[in-house]
Structure formats: structure tokens, C-alpha cells
Amino acid sequence: MREPVELRRQRILAVLRSRGSARVADLAAELEVSVVTVRRDVEELERAGKLRRGHGVARSLVPVEEAGAGGAPAAVPGARAGEEGTPAIGLVVPERHSYLFETLHGARTVLEAAGMRIALHIAPAVYGGELPMVQRALASGVRGLLIAPRWRGQGAEEADYDWLGSLDVPTVLMERRPRPGSALHALDSVCSDHWYGVHLAVEHLMSLGHRRIVLAARDDSPTARAVRAAFTAIAAERAEVEDWAVTLSSPTAVPEPAERSAAERAPESQPDVLDLVRARGATAALLHGDVDALMLVQRFQEAGVRVPEDFSVVAYDDVVAALGSTPLTAVAPPKKEVGRAAAELLLHRLRQPAGERPAPVRRIELLPDLQVRGSTAPAGGCAGE
């Protein structure tokens, strides 16, 4: 997923506030989008009265020396934390991860109210991509870090334990729960309770009479692995669930190649979702995440499986689930609240007097909720018929 349009445009304004002006081509390179996209953003921002546009150049309406007074919303990667005279908190998230970008809005509100700003660093989709971003943030003088590493597999997670556990600024993990007993077990963290989210989805489907349920989930993030583990445990424990199965929601939604077992690499170990639904006579599915869910619903419909008349679907994430031609019932983790709680936890650390005994480590879990829409209905049809 690309980052939200609103966030990208705020990043453009942040650049202009710190520099006064910037070439459209340079903005496109920094934001890693096309020149056409940035040109369209600049035109919209000019229409909204937020900048001036010249030939291939965008200019701030606020003099550079006054920019700090407004509290710029976010600095693009590479901006110096002290350029605007406002203390900065580094925030590191994976690129094209709209779920985690939503946490930014919650964190930003809390930090700006405290007189701080966010220096946003977006880690590329490569193994170990967070470390260079963190080093850049620290070199710029940030006072603390909020971070959500990608961690596509257990090996990637463990590779980050040593350096993440030895940072010399207060750090809070967002939507990540380190392995018990690991070097990061005693690091402040804020996470959604994904077991409870899966519980809500299964309970909703069972209340509609569904007894044969499939989970089609990603397997390339801590959230994905938490969803898979929760579904397996819940479905196995509920006697009312007559049959259940787990498969990938997308062929590409897997850990790093080096971390996959031989069984995981075998094509037959991950059956096609539609084939699995038909083979098991399933009447409902929980699909993680939203984009994969929307695409799978399209596949169901193209194959003559009506949603929700023949088959009920619950998505997990609720970033774009409501935007489908059939709005999807979805588990909605409290994304903005995770950002708010993480920022508040970080501020608590920063406000501790020097020399005082450190406050106890906090591991906060927030419960998701369920947004019921048009993709679930009482069991009646069967996709396998």
C-alpha cells in the first residue's frame, strides 16, 4: 500500500517550511513517487492556499525563519531534527505500510501538543532496512524514537535485538511484541491485542451460523503471525467450529526466502484460497489484510461465489476494507490510539528527572473492535456446491 495522500502532502509542506522552496523533481525523488504525482499534489495544495507554485518549483507561504512557530507536521527523511528549532522525535516505519502510517496521526497529535515534532524516516523493504534510518535519526539529534520494524520473519526480528536494545535514547516499539526473554523483552511497547481481534471475528461468524471457516492470512509481519497463531488456537478450542484451515492470502505474503522451511516452499503446502474453500465446504473466511481481502472477494465473485449471499468475509486491518464494491466487515485494530499511547509513553520517559530511578517498563495492549458491514450474512449457501 502507498502512504495516504494527506500524509504525503503534509510531508511536502514540511519540506517547504524548512527550505522555503523545492523543485518538484527533487520532491518526487525524496518521497519516492512519480513527478506527476507530486505535481498533482502541488496543484491541489496551491488551490487550497497552502503554497505557491512556479515553473517546476513549489514555494512555502511561510518564511523559513517562522516555520518553527507552526510546528511542522513531519520532516521527510534526511531533514535535520534541529532545523526548525523544535525538539524532534524520530518515527521509523516501513515504506508503503498504510496500517502503520495511521499510527503516525495519533502520535503526532500528542507530540505536537507537547511542543515536539515528528521526524519521519521510512525504512525501505529490505532486510535490516530500519538500522540505517535509526542511525540517520540519531545523527540528526532526535530525543527519542518510536519504531515499528518490518520483521518479515523471526530471523529478521532477532537480528535487530542487539542494536535496538542498546540505543541511548528512549525508544518505544509500536505494534510489535518481542519474543519473551529476548533482549527487547524489557523495552517499552504498545501493541494491539490481535488475539482479541481474531476472537471478535470468529465469534461474529459463529453468531451467524458459520461452522466451517478458513483463515487466509499473510505471513510476513509480526501482526500476520499473531493473527495466524490466534486463529489456530481459537478455532481448535471451539467445539462449535466443525472444520477450519489456514492458508496464505497472497503468494508474496511470506517471510524472507532464507527463513522459509522446505514445507513452506512446497507449492502444495499453500493451497489456493478458492480451491481450499471449495474443498472444505467453508461458508466464511477471515482475510488478512484489507487489500488481499478485497482482491480475494473479487476472485470469489468472478468465480460465481456471491459475497455475502453464498460466502461471508471478514477482513483484518480496516484500512481500506470499507471501500470495496461490497464494503467488508472488518476487525479494526486501534491504529491511531496505538500511536497516541506510544507517544505518551515516550514523553513519560523523557520527562523523568536525570538521576531518578527509571520507571518500570510498560507493555501496553489495546483491544481492536469489529466494524460490521455488508460482507457477512447468516450461513445458508456454500461455496463448495
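The values are calculated or read from the model by the stated rules, or taken from the named source; none is laboratory data. Please read these numbers as outputs of a predicted model, since none were measured by experiment. Glycine gets a Cβ as well: all are built from the backbone with ideal geometry, and neighbour counts include every protein chain shown. Heads up: the accessible areas ignore ligands, DNA and RNA and are worked out on the full protein's heavy atoms, side chains in. Shrake-Rupley method; radii C 1.70, N 1.55, O 1.52, S 1.80 Å.
Looking at the stretch 190-245, the accessible area is 35 square angstrom per residue; that uses a 1.4 Å probe and ignores ligands, DNA and RNA. Shown in residue order for the stretch 162-172 are the 3J(HN,Hα) couplings computed by the Karplus curve 6.51 cos²θ - 1.76 cosθ + 1.60 at θ = phi - 60°: 5, 6, 5, x, 10, 5, 9, 10, x, 9, 10 Hz (x for Gly and Pro). In terms of its Cα atoms, the stretch 306-358 spans 64, 17, 7 Å along the principal axes, sorted from long to short.
Report summary: the helix-based calculation at 222 nm, which adds -39500 (n - 2.57) for every DSSP H run with n ≥ 4 and divides by the residues of the chain, gives -12000 deg cm²/dmol. Would you be so kind as to identify which of I12, W244, P271 lies farthest towards the positive end of the dipole of the chain, taking Lys and Arg as +1 and Asp and Glu as -1 on Cβ and the Cα centre as origin? Sorting the options by dipole projection puts first I12.
The stretch 283-339 to the stretch 108-171: how many Å between their Cα centroids? After rounding, the separation between the Cα centres reads 31 Å. Expressed as a whole percent, the accessible surface of the chain that belongs to carbon and sulfur atoms is 51, based on a 1.4 Å probe.
Its residue count N fixes a reference of 2.2 N^0.38 Å for the stretch 273-385, and the Cα radius of gyration divided by that reference is 1.53. Size of the chain from its Cα atoms: along the principal axes, largest to smallest, the extents are 69, 54, 36 Å. Translational diffusion coefficient of the stretch 110-195 (Stokes-Einstein, Kirkwood radius from Cα pairs, 20 °C, 1.002 mPa s): 155 µm²/s. With the convex hull constructed from alpha-carbon coordinates only, the stretch 150-191 shows a mean projected area of 2.8 nm² over all directions. So who's got an amide H within less than 5 Å of the one on G153, skipping anything under 5 residues away but keeping other chains? H placed 1.01 Å off N, in plane. For G153, the qualifying residues are E256.
Amide H contacts of L61: R52, each under 5 Å away and 5 or more positions distant or on a separate chain (H built 1.01 Å from N in the peptide plane; Pro and chain starts excluded). Pairwise inverse Cα distances across the stretch 330-383, averaged and inverted, put the Kirkwood hydrodynamic radius at 14.9 Å.
Amide H to amide H distances under 5 Å link R362 with D188, S189, where only residues 5 or more positions off or on other chains count and H is placed in the peptide plane. Only one residue of A341, G304, P327 has its Cα farthest out toward the positive end of the dipole of the stretch 288-385, where Lys and Arg carry +1 and Asp and Glu -1 on Cβ, and that residue is A341. Computed with a 1.4 Å probe on the full set of protein chains, the accessible area for S375 sits at about 0 Å². For the chain, the share of DSSP beta bridges that are antiparallel, to the nearest 5, is 20%.
Between the alpha-carbon centres of the stretch 342-379 and the stretch 237-255 there is a gap of 27 Å. Using only the alpha-carbon atoms, how far is helix 222-237 inclined from the longest principal axis of the chain? Give it as 0 to 90 degrees, nearest 10. Helix 222-237 sits roughly 30 degrees off the main axis of the chain.
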